[in-house]
Amino acid sequence: MEELVIHGTYFTSKNINEVESHEDHIICIDRSGTITRTLSPTNDEYSQILNDARQAERLIELKANQYLLPGFIDLHVHAPQWPQAGLALDLPLADWLNHYTFPLEAKFADSHYARHVYQEFVHQLLSHGTTTAMMFGTIHNDANVELARQSIMQGLRAFVGQVVMDNPEQTPDYYQNQSPASALHATEQFIKEIFELAKRNSSTVVPVITPRFVPSCTDEALTGLGQLAKQYDLPIQSHLSESDWEHGYAIKRFGIHDTAVMDHFHLLTEKSVMAHGTQLTADDLTILRQRGTTIAHCPISNIYFGNGVLPVRKMLADGNCVGLGSDISGGYSPSLYHNIRQAVKSSQMLMDGVDSSLPPMVRGVKGSRITMANAFYLATVGGAKALQLKVGKIIPGFQADFQIVNAHQTLMKLTSADIFQRLMYQTEQQDIQSVYVAGKKVYGRE
């Protein structure tokens, strides 16, 4: 007998361009939290499985206005920046980092403060429908372990990175690794602690190699981090060409783009996730495609700091790997629904252009608009592929990471395609009824 059965209508990506809807289906989940099968009302076993689950009190019955979606996967989160979400986004990136972000992150030397922030933040992610997150921590080992611990306790699939920032020319003296050697030693200690924590708790928490970005790190640190990533076969996260400033810094320091810098230090692999990329060139994208590296598209944050719009449609068409990130707190909301919407809006701006003094034919970039189905794919399948997880789809063999969403009332009769669009455009935190990770409820509204 199944451990859990869910009955209702669900949406899942069929491919980059299409979303499937399955009405009045049942989803069967085993003890390991894996989807074993999905059945339509025409299946011979449908009624029997439904009745057995109901009698055994193992049935979740969706209401008429409720829909099941895969849990979202946030590929780029700065967890310690949660207290400043929505602050000072009108500043240039370098000023925002130096006057707001670095002073805040320095506070995480206090592990009690870290526990307070991370307990709340992990809850916020889950309550917005995010079931997996790839997160930057700080340079502080104890605080980062606390982030991993809170993720385990609350049921979030977590990829946690100990940040390395040892370049004294680009980091404040009150918040930096004191040497490349100390940064690498601390990173390796963190890796071992997270492995042990995951082993003790049978959890999916994973340590991540995390050079903050090229400006923050010395050559020695970047070299060592590439070696640690290979030694322990770990994911890597950082930023690439996030802004004119960052893009220009790499050129000034190395004479090449930061994509080539990261590649030189063996930090671009099929397990790497690089955020933003608004200044990437065709040659940069070719390198990323060859390495199998994923770009975390952070559309809200890019509006403030990116100095450009990521050409998502072209990247997908060319075969680049792309997922979605909230970039708390460069992005003001942990909601990937908000970022899904902004991804579509930004692509429309790229296609139309923004300088009305130019003729329409030369103002924008033709063929740049993405659809809501494309953006949904980024938030689910794109993220899952980046992290090499069997999540992000509601199909047999995948983990049962779900969100149950309450649709807004309407006086119109809607098709399933209409309902999907409305869910993507209108769902807010208060509309998310419950969230499941590996078939276990990790968040629910009263």
Just a yes or no: is a residue in the range 264-280 β-branched (Val, Ile, Thr) and free of Cβ contacts under 8 Å to residues at least 40 places away in the same chain? yes
Go through THR218, THR204, THR223 for me and flag whichever is touching a Pro at 6+ places or on another chain (Cβ under 7 Å), of a type in the set (Ser, Thr, Tyr) and open to solvent by 10 Å² or more (accessible area, probe 1.4 Å). THR218
Output the helices (runs of 4 or more DSSP H) that fall wholly within the range 6-116 and possess 2 or more residues being within 30 Å of VAL145 (Cβ to Cβ), or say none. 93-96, 102-106
From the set of residues in the range 129-159 that are free of Cβ contacts under 8 Å to residues at least 60 places away in the same chain and over 24 Å from GLY444 (Cβ atoms), which is surrounded by the most Cβ atoms within 10 Å (Cβ to Cβ)? ASN144
It is to be established whether one or more residues within the range 99-114 are farther than 24 Å from ILE432 by Cα and in contact with a strand residue (DSSP E or B) (Cβ under 9 Å, 6 or more places away or on another chain). yes
If we keep just the residues of the range 234-258 that are in contact with a helix residue (DSSP H, G or I) (Cβ under 6 Å, 6 or more places away or on another chain) and assigned to a helix (DSSP H, G or I), which is modelled with the lowest pLDDT? TRP245
Does SER40 satisfy the criteria of being open to solvent by 20 Å² or more (accessible area, probe 1.4 Å), over 30 Å from ASN320 (Cβ atoms) and in contact with a strand residue (DSSP E or B) (Cβ under 8 Å, 6 or more places away or on another chain)? yes
Do we find that ALA158 is in a strand (DSSP E or B) and in contact with a Ser or Thr (Cβ under 6 Å, 6 or more places away or on another chain) in this structure? yes
What is the residue count in the range 276-330 for residues that are among the small types (Gly, Ala, Ser), buried (at least 24 other Cβ atoms within 10 Å of the Cβ) and on the phi > 0 side of the Ramachandran plot? 1
Please go through the range 117-155 and pick out each residue that is on the phi > 0 side of the Ramachandran plot and assigned to a helix (DSSP H, G or I). none
When residues of the range 76-98 are filtered for being open to solvent by 40 Å² or more (accessible area, probe 1.4 Å) and at pLDDT 95 or above, how many remain? 2
Hey, HIS22 hits all of (1) closer than 26 Å to THR371 by Cβ; (2) at pLDDT below 95 but one; which does it fall short on? (2)
Would you point out the residue of the range 343-394, among those that are within 22 Å of ARG422 (Cβ to Cβ) and charged (D, E, K, R), that is most open to solvent (accessible area, probe 1.4 Å)? LYS345
Please find, among GLN399, GLN388, GLN342, the residue that is under 14 Å from the mean Cα position of the chain (by Cα), at pLDDT 95 or above and not aliphatic (A, V, I, L, M). GLN388
Single residue of ILE73, ILE35, ILE29, ILE49 found to be among the β-branched types (Val, Ile, Thr), open to solvent by less than 50 Å² (accessible area, probe 1.4 Å) and within 30 Å of VAL344 (Cα to Cα): ILE73
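The values are calculated or read from the model by the stated rules, or taken from the named source; none is laboratory data. If you're wondering where the values come from, they're calculated on a predicted model, not measured in any experiment. Quick reminder, even Gly has a Cβ in these numbers, built from the backbone with ideal geometry, and neighbours come from all protein chains shown. Just so you know, the surface numbers come from the protein's heavy atoms only, side chains and all, with ligands and any DNA or RNA stripped out. Shrake-Rupley method; radii C 1.70, N 1.55, O 1.52, S 1.80 Å.
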